[in-house]
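First up is the structure itself, then whatever we jot down about it.
The values are calculated or read from the model by the stated rules, or taken from the named source; none is laboratory data. Just so it is clear, the structure is predicted and the values come from calculations on it, not from any experiment. Counting neighbours? That spans all protein chains shown, and the Cβs are built from the backbone with ideal geometry, glycine included. When the accessible area is computed, the model is the full protein with side chains, heavy atoms only, and any ligands, DNA or RNA have been set aside. Shrake-Rupley method; radii C 1.70, N 1.55, O 1.52, S 1.80 Å.
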Amino acid sequence: MIRLYFELPGGTDAKKVTLADLQRTAREKFRPYEIDFVATKWWSAYMIGQRVAKSMVDQSGRIFLGGDACHTHSPKAGQGMNASLQDGYNLGWKLGAFLTGQAHESILDTYIQERHQYAQQLIDFDRYFANLFSSKAQADGHDTTPGEFNQAFIKAGVFTAGMAANYQDSGLVARTLSSQSLATKVVVGERLPSPQVVRMSDSKAFPLLKLLQSDGRWRIIVFPGNIEDENTSTRLNAVGRQLGSDQGLLKKFTPDSPVDSLFDTLVVFKGDRMKLEFDQVHDTFKPELHDMPITNLHKIFFDDESWNWGHGHAYKSLGIDSKHGCIVVTRPDQYVSAVVGLQECDKLTDWFTAFMSMRSENV
């Protein structure tokens, strides 16, 4: 089965179009080649309307808009449902953080900023993409080349996959705090890439994003460097002490809750996982399970070769220098908030204080 898109003559009333009209138009466009239709499972005549609402919230600030209520466009980039789901996801985790006392109400303003920005970006692309299919472009003397179509389809795929959003600086995106050079392929404001890593405890391979479950928690992903470098363990233990102290990031906002109830820490070493023992890793990265006194050893990973799935080359894929390492902070929706040096945990604590609530022990 295939799907065909084509433009109907100007002035056509979409409500009066029939399947026979569409099949006849398709045959005309394929000439001198022939096409026949054995069966048609679905068809529609669609009047393209490209619109963006002025705001994603009403004047009261209590009614939010998402999906077709605030952005409509052509169906060509597959974004009707995909963009709408992302609107809901973006708003959903932020509402959850506010309603459970984790964050200030101001966190909801970032939904308006981020998704309205994306909606306008989508409409701008959709106008360009729809115009490539339009005879108007040829009438204006613009001869669309196969290469231009190819690049447009590649960009459309990025939109369809939900990977086109690049959120600008806000309360939840800390570009000015970040050192982008520490992880050149981890773009602050975009979704975290997902190279393969190998869990130390059982040598099981995972795509990195599979470890970031959609459970409302932030992720503090520490990349300490190569295990064969004698300074790596020293650097990681220093990070562990900073994060796990009484005034550190992990305990400051959850004084009466499990240490990883709001911030989930992961460690990704580079090198041979057989050269590390668990007692060499700081206890901050080995918390007890919530419901039983058992150490959780599932938070330590390696950029190493899997016996079954090959090598993920995570450090290379993410543009991280194993001599220096870094810390990557991701939001509950897997977008990158910050990239900082291993010695900059205090900066993260100060940054989170601006929008996180001390009431989070009530969660």
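Some notes on this structure:
- Between the amide H of Glu288 and those of Asn296, distances stay under 5 Å, these residues lying 5 or more places away or on another chain, with hydrogens modeled in the peptide plane.
- Within the accessible area of the chain (1.4 Å probe), percent carbon and sulfur: 53 percent
- Protection-proxy order for peptides 242-250, 230-238, each taking the mean of Cβ atoms within 10 Å per residue, highest first: 242-250, 230-238
- 0 to 90° range, to nearest 10: angle between helix 19-30 axis and the chain longest Cα axis: 90 degrees
- Candidates Val38, Val329, Val187: whichever shows maximal mean-square fluctuation once the chain is modelled as a Gaussian network with Cα springs under 10 Å: Val38
- Value at 222 nm in deg cm²/dmol, rounded to 500, when DSSP H runs of n ≥ 4 in the chain each add -39,500 (n - 2.57): -9500 deg cm²/dmol
- For the chain, with +1 on Lys and Arg beta carbons and -1 on Asp and Glu, the positive-most of Gly248, Met81, Phe98 along the dipole: Met81
- Listed residues Trp43, Trp218, Trp307 arranged by accessible area, highest first, probe 1.4 Å: Trp307, Trp43, Trp218
- Probe 1.4 Å, protein heavy atoms only - accessible area per residue of segment 194-233 in square angstrom: 40 Å²
- Segment Ile294-Asp13, length gained on full extension (0.36 nm per residue, minus Cα span): 94.4 nm
- Top of Asp109, Asp304, Asp350 by mean-square fluctuation, Gaussian network on the chain, Cα under 10 Å: Asp350
- Selection from Leu289, Ser317, Pro224 lying farthest towards where the dipole of segment 220-363 points positive, charges on Cβ: Ser317
- Rounded tilt (10° steps) of 109-132 against the dominant C-alpha axis of the chain: 40 degrees
- The residue list Val17, Leu4, Val197 was ranked by how far each Cα lies along the charge dipole of the chain toward its positive end, using unit charges on Cβ atoms, and Val17 comes out on top.
- Packing-based ranking, highest mean first, of 1-8, 320-327 given that Cβ atoms within 10 Å are counted: 320-327, 1-8
- Calculated FRET efficiency for the pair Ala53/Gln23, C-beta based, R₀ 25 Å, to 0.05: 0.10
- Nearest-ten-degree value, helix 230-244 long axis tilted from longest Cα axis of the chain: 80 degrees
- Taken about its Cα centre, the chain carries a charge dipole of about 920 debye when Lys and Arg each add +1 at the Cβ and Asp and Glu each add -1 at the Cβ.
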